[in-house]
Amino acid sequence: MADIPKLKTVLVESPGGPTPYGGKSIGEQPVSAVAPAIVNAVLDAAGISITDLPITSEKVYHALQAKRP
C-alpha cells in the first residue's frame, strides 16, 4: 500500500435516489488497474506484450515461442 497516494473521499449531497424511500448506494472503486499491471509485469519480465485478456501461462508460452528467432 506504500506505492499508492493518499486518497481523499469527498461526499457530494444530491437529491434522493431512485428507490421508494430516496435511498442511494455508495460504490467502491473498481479494480481496474490489476490487468494493466499484470500486462506491464509480463512485458518487463519477458519482453512480450499480451493484450488478449485473461493472460494465461499458455498465452505467455506461445508469445515467447513466437518471439524466438
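Worth pointing out:
- Spin-label model distance (nm) - Val60 vs Ala37, 7 Å beyond Cα toward Cβ: 1.6
- In sequence order, the range 46-57 has phi-based couplings of 10, x, 10, 10, 10, 10, 9, 8, x, 7, 10, 4 Hz under the Karplus curve 6.51 cos²θ - 1.76 cosθ + 1.60, θ = phi - 60°, and Gly or Pro positions carry x.
Read-outs throughout are calculated quantities, based only on the coordinates presented, and are distinct from any laboratory measurement. A quick note: this is a predicted structure, and the numbers were derived from the prediction, not measured. No Cβ is skipped: glycine too gets one built from the backbone with ideal geometry, and neighbour counts run over all protein chains shown.
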